[in-house]
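The values are calculated or read from the model by the stated rules, or taken from the named source; none is laboratory data. If you're wondering where the values come from, they're calculated on a predicted model, not measured in any experiment. So basically every Cβ, Gly included, is an ideal-geometry build from the backbone, and we count neighbours across all protein chains shown. In case anyone asks, the SASA skips ligands and DNA or RNA and just uses the protein heavy atoms, side chains included. Shrake-Rupley method; radii C 1.70, N 1.55, O 1.52, S 1.80 Å.
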Amino acid sequence: MTIEYFHASKFGNGVMVAQEFARLMAARGVAVNVHHIKETDPKALPQPDLYVFSTPGRMGKPIGGMRRFLKNLQAPAGAPYAILTTEGAPQPDKKTGQIPTEEEIAKYQKVTPIMSELLQGAGLTEVDAEKVYVTGLKGPLEDGWERKVEAFAARIPV
């Protein structure tokens, strides 16, 4: 099995997630080729067993470079894909101090839904999606992020 992993990391958090994913999959005998989208032509992608797309979220959306990449994507119809994003960690409400629920977060964090819409519009089929939180604009990644990547990798059918 081969996986082509495309990321749009700006501050290095996405690169760390991609490297950890590749390491975990290699332990399962799966080759993962990691590419930054700036170094890849979305109209000339290799044909792996699975595509993985990863981007940071900005203002609740995938960054512009990733959205453009996905809009220009040419991949075989029905090709499977997974999404692994890095997004800003939810912040406590300033009045109540409570962390928002997953439902409340989903109202303003649209990174995965936007990516899924673009990928499914290109004819691809979703396998799984996961997000890893970043605690500040430039990082670091949340404590225990490796466990999230490990759980995501374990859900990828080999």
_Pairs please, first residue from segment 133-150 and without any contact (Cβ under 8 Å) to a residue 24 or more places away in the chain and within 13 Å of L24 (Cα to Cα), second anywhere and among the β-branched types (V, I, T) and surrounded by 13 or more Cβ atoms within 10 Å (Cβ to Cβ), Cβ atoms under 7 Å, 6+ apart in sequence or on different chains._
K148/V132
*Would you mention how many residues in segment 28-39 are surrounded by 16 or more Cβ atoms within 10 Å (Cβ to Cβ) and in a loop (DSSP other than H, G, I, E, B)?*
1
*Here are L73, L45, L84: which of them is buried (at least 17 other Cβ atoms within 10 Å of the Cβ), within 22 Å of E130 (Cβ to Cβ) and out of contact with any strand residue (DSSP E or B) (no Cβ under 8 Å at 6 or more places or on another chain)?*
L73
_Long-range neighbours under 8 Å by Cβ, at least six apart or interchain, first residue more than 16 Å from D128 (Cβ to Cβ) within segment 15-30, second assigned to a loop (DSSP other than H, G, I, E, B) and modelled with pLDDT under 95_ = V15/S9; G29/V158
_I want to confirm something. Restricting to segment 106-133 and keeping residues that are open to solvent by less than 50 Å² (accessible area, probe 1.4 Å) and in contact with a Gly (Cβ under 6 Å, 6 or more places away or on another chain), which single residue is modelled with the highest pLDDT?_
V111
*Looking at (1) assigned to a loop (DSSP other than H, G, I, E, B); (2) in contact (Cβ under 8 Å) with a residue 12 or more places away in the chain; (3) over 18 Å from D128 (Cα atoms), can you tell me which one Q91 breaks?*
(2)
*asked:* Can you confirm whether K43 is at pLDDT 95 or above and not in a helix (DSSP H, G or I)?
replied: yes
